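Trainee: Provided herewith is a single structure, encoded as structure tokens, for subsequent inquiry.
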Amino acid sequence: MSEFYQFAVDKFIFRVKKGLLYSKDDVWVKIEESHVRIGVTDFHQMSGGDILFVELPKVGSKVKHLEAVAQFETIKAVYEVVSPLGGAVAETNKKLEDKPEIINEDPYGEGWLFQLSPDSFGEDARQLLTAEQYFELMKGKIETERKKL
């Protein structure tokens, strides 16, 4: 059984990793022991194309739920990353400073952005989606974009 839900459109395959939580803003959350790991979804990174630069939040900084806390730049545009939870930034992915393209290569693994010690996980987490719910949302976003073309 695959660890991903997959949706093919033309030559593109969009993947949603099972077992993670997701925001409507195309960000994934992995619950770990004392914190959560956060990154952008495959759909989010594919929408922008090749990532050239990433700006991450500072370790120790406080972020608010649904606040723009990071951004990545592609040939097309600059994309904001909205935090799905409020809390303190515990760690950032230092590898991305020299190799931001890791996000394109492995958005659910080595391309994670930062770790957060959440303030009140329960309250903010109620707005998060399961992988299956996000997969359906993502398919709707893709279909909406296709109709514009």
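Trainee: Just give me the residues in segment 133-149 being among the β-branched types (Val, Ile, Thr) and in contact (Cβ under 8 Å) with a residue 12 or more places away in the chain, in sequence order.
Mentor: ILE142, the sole residue that qualifies.
Trainee: Starting from segment 8-19, take each residue that is part of a loop (DSSP other than H, G, I, E, B) and list its partners that are exposed (fewer than 11 other Cβ atoms within 10 Å of the Cβ) and of a type in the set (Gly, Ala, Ser), counting only C-beta distances under 9 angstrom and pairs at least six apart or across chains.
Mentor: LYS18/SER2
A quick yes/no check of all residues on (1) over 12 Å from the mean Cα position of the chain (by Cα); (2) at pLDDT below 95:
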site: PHE43; (1), (2): no, no
site: GLY48; (1), (2): yes, yes
site: PHE53; (1), (2): yes, no
site: LEU56; (1), (2): yes, no
site: VAL59; (1), (2): yes, no
site: LYS62; (1), (2): yes, no
site: ALA77; (1), (2): yes, yes
site: GLU80; (1), (2): no, no
site: LYS95; (1), (2): yes, no
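The values are calculated or read from the model by the stated rules, or taken from the named source; none is laboratory data. All figures in this text were calculated on a predicted structure; none of them were measured in a lab. Cβ atoms come from the backbone with ideal geometry, glycine included; neighbour counts cover every protein chain shown.
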